[in-house]
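Each remark here refers to the structure printed beneath this line.
The values are calculated or read from the model by the stated rules, or taken from the named source; none is laboratory data. Bear in mind the structure is a predicted one, so any value in this text is a computation, not a measurement. Heads up, the Cβs are rebuilt from the backbone with ideal geometry, glycines too, and the neighbour counts pull from every protein chain shown.
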Amino acid sequence: MMSLTPVVIQTPSVTNAQRINVVVHISADVLSPEAARKRASGWLLDHVGSLLHAETPELIAGEKMVWRVQVVLTSPSRGRLGAVGSLDLDAVTGDVFADDSVIQRLHTDAAQLAQR
């Protein structure tokens with residue numbers, strides 16, 4: 001069975017318009033959703049911590065093709081605790097778009113969620 005991958009189209013803001021015309025044709029060689037999820041989980045393990053994992057990504061079609069994964073905090077004793085943010089990856093190369101501020105935000109949000 002073929003699984004469906006959601007595609008989110010980012011559009012510029014349109015003012016005072018009731019309708020817009022959208023024509024979409026995309027042809028791109030990108031990482032599979034599973035490959036993107038695995039890359040994100042590996043990056044999280046290397047840069048943030050072993051209790052954060054990437055969930056199923058969604059493909060964002062904008063200026064660049066981007067896989068966006070929701071980052072969740074898990075606990076060996078309590079299971080999935082909840083989402084702590086998201087992480088974007090280049091859909092072609094798999095490079096993670098994150099800097100120290102993203103790492104810090106994930107640490108902070110995970111710590112707050114763990115204390116609930």
task = Give just the number: which of (1) farther than 29 Å from V23 by Cβ; (2) outside any helix (DSSP H, G or I) does H107 not satisfy?
result = (2)
inquiry  = I'm checking my understanding of the structure. Among residues of the range 92-104 that are of a type outside the set (D, E) and part of a helix (DSSP H, G or I), which one is surrounded by the most Cβ atoms within 10 Å (Cβ to Cβ)?
reply    = V102
request  = Output yes when any residue across the range 15-23 is out of contact with any Phe, Trp or Tyr (no Cβ under 7 Å at 6 or more places or on another chain), part of a loop (DSSP other than H, G, I, E, B) and of a type in the set (K, R), and no when none is.
outcome  = yes
remark   = Expected single match for aliphatic (A, V, I, L, M), over 26 Å from V30 (Cα atoms) and surrounded by 12 or more Cβ atoms within 10 Å (Cβ to Cβ) among L73, L89, L59, L52 is L73
remark   = Counting only residues in the range 1-44 that are at pLDDT below 70 and either under 26 Å from H107 (Cβ atoms) or among the hydroxyl-bearing types (S, T, Y) (or both), the one surrounded by the most Cβ atoms within 10 Å (Cβ to Cβ) is identified as T5
query = Can you find even one residue in the range 61-80 that is at pLDDT 95 or above, in a helix (DSSP H, G or I) and within 21 Å of V8 (Cα to Cα)?
reply = no
